[in-house]
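See below for the structure under consideration.
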Amino acid sequence: MLYKIFHQNIFEVVDLNSVMLMTASVLVVGYVWTCLRASRRQKMLELENSPHRVLLITAHPDDECMFFGPVIQKLSKMKDVHLFLMCLSVGDFEGKGSLRKAELYDSCKILGIEEGNILLCKNTLLPDNPRVDWDTILLSDKIAEHVEQLEIDTVLTFDSYGVSGHRNHISIYLALFHMVYNKLLPGYCHLYSLDSVNTLRKYVKCIDGLFNNTSDFKCTISTTEQNCVTKAMQAHDSQYIWFRKLYMKFSRYTRVNTFTSISVE
């Protein structure tokens, strides 16, 4: 009888300790979550309430949907912001350049980029190829020309990893870094690169909010806006195959963009 009572009391103590531990864990997680969310309240480049001319530079048709959809959605709706897209190749890796050009224009129409603001380059020295590095000087000259002609004050593009590691993406960043290092841009022009993240964070967008970041600005879009980005990607019919469909459903780049200033410091 004493043995039975002793073991019953032991189990009651263990259960009580388990409940207390679980409660404490929930409170700690809640506190950390709140702190992280508060620390990530970044301004949208201070683009609101002031006029800006923004140039988004991509490597291929469909980059605008797969990686930059959130920032395009936000910028295209700001009345004092003029958004330009510069795509540095027609995406001719599979010999579908003409088709992909048409798809790009259809996609941009859905995203809210005016047709007259699309700069699509076709240059044999800038081939769509994941194993080819584009010439830094050639890119720098081309970008500088358009920045000057369009009076661009803000440039957005890929970072040093290019999100996917694609060498064409990385080449754009290297060209812009070269321009910053050698002071080849007007002093009023500011450059920002899209942050690459680890694989888990990249493909599981529902957990992205758990991660803190030190980026310079961030934009997150609503479910309705995400659907618009997906619809724009569907306009790239030649590219919209099964793994890209999964990407558009789960990737954080269809919901949130974070950018860091490109500098030599």
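The values are calculated or read from the model by the stated rules, or taken from the named source; none is laboratory data. This structure is a prediction, so every number in the text was calculated from the model and none was measured. Cβ placement follows ideal geometry from the backbone for every residue including glycine, while neighbour counts extend to all protein chains displayed. Side chains included, ligands, DNA and RNA excluded: accessible areas come from the protein's heavy atoms. Shrake-Rupley method; radii C 1.70, N 1.55, O 1.52, S 1.80 Å.
Would you kindly state how much longer the chain becomes between Asn182 and Tyr240 on full extension, computed as 0.36 nm times their sequence separation minus their alpha carbon distance, in nm to one decimal?
Length gained, Asn182 through Tyr240: 16.9 nm.
For segment 198-219 and segment 84-108, what is the separation of their Cα centres, given in Å?
Here the answer is 28 Å between Cα centres.
For segment 147-190, which chymotrypsin sites (Phe, Trp or Tyr not before Pro) pass both filters: DSSP loop (anything but H, G, I, E, B) and at most 15 other C-beta atoms within 10 Å?
Tyr188
Show which lysines lie in cross-link reach of Lys122 when reach means a straight Cα distance below 26 angstrom and same-chain residues fewer than eight apart are skipped.
By straight Cα distance, Lys122 reaches Lys96, Lys101, Lys109, Lys142, Lys231.
Counting Lys and Arg as +1 and Asp and Glu as -1, what is the net charge of the other residues whose Cβ lies under 9 Å from the Cβ of Phe259?
In short, -2.
Can you give the three extents of the C-alpha atoms in segment 44-189 along their principal axes, from longest to shortest, in whole Å?
Between the extreme Cα coordinates on each principal axis of segment 44-189 lie 43, 37, 26 Å.
So what is the accessible area of segment 125-265 per residue, in Å², with the probe set to 1.4 Å?
Normalised by residue count, the accessible surface of segment 125-265 is 49 Å².
Report the FRET efficiency, 1/(1 + (r/R0)^6), for Tyr105 and Phe211, where r is their Cβ-Cβ distance and R0 is 41 Å, rounded to 0.05.
Once the sixth-power term is evaluated, E becomes 0.70.
Within segment 150-250, which trypsin sites (Lys or Arg not before Pro) sit in a loop by DSSP and count at most 10 neighbouring Cβ atoms inside 10 Å?
When the trypsin sites (Lys or Arg not before Pro) of segment 150-250 are filtered for loop state and at most 10 Cβ neighbours within 10 Å, Lys183 remain.
Would you mind checking the radius of gyration and Dmax of segment 153-265 based on alpha-carbon positions, in Å?
That works out to 15.4, 44 Å for Rg and Dmax.
Per 0.36 nm of contour for each residue apart, how much would the distance between Thr124 and Glu151 grow if the chain were fully extended, relative to their Cα-Cα spacing?
Taking 0.36 nm per residue and subtracting the Cα distance, the gain is 7.0 nm.
Go ahead and run the numbers for FRET between Tyr247 and Asp80, Cβ-Cβ distance against an R0 of 41 Å, rounding to 0.05.
0.80
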